[in-house]
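Have a look at the structure below before the remarks.
Just so you know, all these numbers are worked out from the coordinates, no wet-lab data involved. What you see is a predicted model, and the numbers here were worked out from it, not measured in a lab. Neighbour counts are summed over all protein chains in view; Cβ atoms, including those assigned to glycine, are modelled from backbone coordinates with ideal geometry.
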Amino acid sequence: MRLTVLGGGGFRVPLVHRALLEDTGGPSGEGRCTELVLYDTDAARLAAIRAVLARQAERHRGPAPAVRATTDLDEALRGADFVFSAIRVGGLEARARDERIPLAEGLLGQETVGAGGVLYGLRTLPVAVHIAERVAAVAPDAWVINFTNPAGMVTEAMGRVLRAHGLGERVIGICDSPVGLCRRAARAAGADPDRAAYDYVGLNHLGWLRRLVVDGKDVLPGLLADRERLESFEEGKLFGADWLRSLGALPNEYLHYYYFHRETVAAVREAKATRGEFLREQQARFYAELGTPEAAGAVDAFEVWDRTRLEREETYMAESREATGGWQRDSCDLEGGGYDRVALALMRAIARDERTTLILNVPNRTAVPGLDEEAVVEVPCLVDASGARPLATGAVAPDQLGLMLTLKSVERAAIEAAADGSRTAAVRALALHPLVDSVRVAERVLDAAGGL
């Protein structure tokens, strides 16, 4: 099986590689990834990540996929069984701008939420659509697994392209946030995360865990009633027991930006650097260290990467944690990844017809009442060799559905703007976002970002 990773020089690619190394395949070893193709526009970044993967494979001391790298998109796509898209258009420099421009207007500066997320989408969507066109042309049998943010709108835009070419629903979006929330909640409830079932509904970075079922019993009410257990894990600390009880559900961590907007904006503005600025400097040091002549054969590329990864995980969502007391992340949340395990489980289910249930980003069909069939939602899906089918969620609480409908309008306005170059649609995407409080501010943000 051949897996192509778009954004193959990206910092988190070793997590995908790690998951592939740990996969033993089917009963006779079948269905394992035997070739990993890395595509990136930056050859130096590709070289650095290849060095990390080579060292990681040595440490594994077991079967490992052959790795090759290319800066030619069509070459990377040809013959792929799965295409994993994790691109960052404009790099971390553009992300830092996406965050700083809204902050100058008193708005949240965040990669995927609020005005920054819309700016990121406007820049990313044309490239994602081009990739989908090339997949249709040179790898029509491939399954596309999208991790590129903003994942919901990117998955929806890419899916439209493949459907237009008669290829069906072959774009599936993944995210590590829902699986992290579900597993943390299960552990806090005293349950084995692998034996629990999860009733989760939402859009990407906008979802709620509504039921946590163990042996046929919903244990979420008991967890909500126990303050000590409820506030023992990440989401409980972020939102607080009182608010979670009021909601009667556990929100995705990104909803902290909505429910505690003023506190988070204040924390971000007081920080020395935005998240994008921190990562820009951190990763610049990482790639520079591995790219020096002195590094060749003199440093352990994996050790350099792992040290940098740990620092990255320790500082994840630091502004939200600062706004709620400045607590540290638990050691079990510092392993990194999560999305890599979801991607591997998804590939296994399709390639080996191993039926499983995963929380994924897919077209709604009729799963979520109130949203149309093609709206990409983030819900539990039944996955097998035929792909991913969303499971019916039942009625959605009015406050949840209201936010979902608003954000879906934002996503679709961004898709329209990226497709047509429409300034009107771009302003609409920004101004309709619930974390943008003025049409005039939306116009200024768009102009500061270069406009359309």
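Structure above, values below:
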item	result
Filter result (among the hydrophobic types (A, V, I, L, M, F, W, C) and either in a helix (DSSP H, G or I) or farther than 19 Å from residue 200 by Cβ (or both)) within the stretch 146-176	151, 153, 154, 157, 158, 161, 162, 164, 167, 171
Helices (runs of 4 or more DSSP H) wholly inside the stretch 182-265 that include at least 1 residues being over 30 Å from residue 433 (Cβ atoms)	220-225, 227-230
Complete set of residues in the stretch 365-380 that are of a type outside the set (A, V, I, L, M, F, W, C) and surrounded by fewer than 23 Cβ atoms within 10 Å (Cβ to Cβ)	365, 366, 369, 370, 372, 373, 374, 380
Test: residue 406 is touching a Pro at 6+ places or on another chain (Cβ under 7 Å) and either surrounded by 15 or more Cβ atoms within 10 Å (Cβ to Cβ) or under 21 Å from residue 255 (Cα atoms) (or both)	yes
Complete set of residues in the stretch 113-130 that are surrounded by fewer than 23 Cβ atoms within 10 Å (Cβ to Cβ) and β-branched (Val, Ile, Thr)	127, 129
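Per-residue answers, yes or no, for (1) surrounded by 23 or more Cβ atoms within 10 Å (Cβ to Cβ); (2) under 24 Å from residue 244 (Cα atoms):
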{"residue": "173", "(1), (2)": "yes, no"}
{"residue": "180", "(1), (2)": "no, yes"}
{"residue": "185", "(1), (2)": "yes, yes"}
{"residue": "195", "(1), (2)": "no, yes"}
{"residue": "199", "(1), (2)": "no, yes"}
{"residue": "203", "(1), (2)": "yes, yes"}
